[in-house]
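Derivation of every value follows stated rules applied to the coordinates shown; laboratory data play no part. Every value quoted in this text rests on a predicted model; they were computed, and no experiment measured them. Cβ placement follows ideal geometry from the backbone for every residue including glycine, while neighbour counts extend to all protein chains displayed.
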Amino acid sequence: MKMFNEEIQDQLREIFADLKGDVTIALFTKEGECATCEETLSYMQEVEELSDKIHLKRYDLDKDTELAEKYGVEMVPSIVLLDSNKNYRGIKFNGIPAGHEINSFIPALLEVSGNESELPKELEERIMKIDKPINIKVFITLSCPHCPGAVQKAHKMALMNPMIQAEMIEAETFGELSMKHNVSGVPKIVINDQYDLLGNQPIQEFLNTMEKVS
C-alpha cells in the first residue's frame with residue numbers, strides 16, 4: 001500500500017522541483033531483526049520516484065560495515081542523506097520519517113540538495129564557532145506535531161558546521177535507547193549524551209547548551 005495518494009504525489013513533485021542538486025538516500029537495513037525496515041524501504045522508493053534528482057541506495061548494516069562506520073550508523077532502519085558529491089553532511093534519520101516527520105524529511109532533502117535556508121547572521125556566527133564534536137539526538141514520535149521543528153533545527157546546524165552531527169530517533173522503534181535517555185515526552189533533545197532539552201526549543205537554546213560542552 002502506497003504512503004502517498006496521487007494528490008500528495010503531485011504536491012511533492014512540485015516541492016522537489018526546487019531541488020538544486022542530486023541527493024542520495026542511503027538506507028541501512030538488516031535482515032531478520034528489523035520490524036520497520038521493509039516499510040521504510042517502500043516509503044523511500046516512493047520518494048525516489050518523485051524526482052530524478054533523488055537516488056536511493058540500500059545497504060546492510062552487517063555487510064556494509066565500512067560505510068556504516070563512516071556515517072555513524074548503529075541501528076536500523078537508518079537513513080543518511082548524501083549531497084551531490086556523495087558527501088555525508090551530518091544528517092540522519094533513525095526510524096521511518098513518516099507521519100508528521102515528513103515535515104522534517106522534505107526540508108532535509110531540499111537543504112542537502114543545496115537549496116539552503118538562511119538564518120540571522122548572529123546565529124550563523126555562533127553555529128560556525130562550535131569547534132568541538134557535537135552529537136544531537138532528537139527523539140520523536142510520528143504523531144507529534146512539534147517534533148519536526150526540533151529535528152529541522154538540529155539538522156540545519158549540522159549542515160552548517162561539520163563538527164555537528166544531528167539525528168532523528170523514532171522513540172517507539174528504538175525503545176531501549178529511549179529508556180536509556182529517559183524519554184517521557186517528545187521532542188526530547190539530547191546533546192552529546194550529556195545535556196537534555198525538552199520541547200521544540202529555539203536554536204538559541206540548542207546553542208546555549210552546545211556552548212557548554214567542554
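Below are the figures for this structure:
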| item | result |
| --- | --- |
| Projected label distance in nm at K132 and N208, using a 7 Å step from Cα toward the beta-carbon | 1.8 nm |
| Label-point separation in nm, Y195 to A17, each point 7 Å along Cα→Cβ | 4.2 nm |
| Net charge contributed by nearby residues that have their C-beta within less than 12 Å of D52 (K/R +1, D/E -1) | -1 |
| Dipole moment magnitude, nearest 20 debye, the stretch 6-96 about Cα centre, only Lys, Arg, Asp, Glu C-beta charged | 500 debye |
| Qualifying trypsin sites (Lys or Arg not before Pro) for the stretch 147-214 [loop in DSSP, other Cβ within 10 Å: at most 14] | K212 |
| Loop GluC sites (Glu not before Pro), the stretch 139-207 (other Cβ atoms within 10 Å of the site Cβ: 16 or fewer; DSSP) | E172 |
| CD proxy at 222 nm, helix term only [per DSSP H run n ≥ 4: -39500 (n - 2.57); per residue of the chain; nearest 500] | -10500 deg cm²/dmol |
| Integer Hz, Karplus 6.51/-1.76/1.60 couplings in order for the stretch 72-86, x for Gly and Pro | x, 8, 10, 9, 9, x, 9, 10, 10, 9, 10, 7, 5, 9, 6 |
| Other-chain or far-sequence residues with amide H under 5 Å of N115's (modelled H) | K20, G21 |
| Distance (nanometres) between label positions extended 7 Å along Cα→Cβ at E6 and K180 | 4.7 nm |
| With eigenvalues of the C-alpha gyration tensor scaled by 5 and rooted, the stretch 6-96, Å | 24, 16, 9 |
| Whole-Hz ³J(HN,Hα) from phi, Karplus 6.51 cos²θ - 1.76 cosθ + 1.60, for the stretch 120-131, glycine and proline x | x, 4, 4, 5, 4, 5, 5, 4, 5, 7, 4, 10 |
| Per-residue ³J(HN,Hα) for the stretch 162-171, Karplus 6.51 cos²θ - 1.76 cosθ + 1.60, θ = phi - 60°, Hz, x for Gly and Pro | x, 6, 10, 10, 9, 9, 7, 10, 6, 4 |
| Nearest-20 debye value, the chain charge dipole, Cβ charges on Lys, Arg, Asp, Glu | 660 debye |
| Average projection area in nm² (convex hull over Cα atoms of the chain, one quarter of hull surface) | 11.6 nm² |
| Violating pairs (Cα-Cα greater than 30 angstrom) within the set K70/K132; K20/K180; K86/K156; K2/K121; K63/K137; K86/K153 | K20/K180; K2/K121 |
| Extent along principal axes [Cα atoms of the stretch 121-211; Å; largest to smallest] | 35, 23, 18 |
| Sum of side-chain charges, L177 neighbourhood, beta-carbon under 12 Å (Lys, Arg +1; Asp, Glu -1) | -3 |
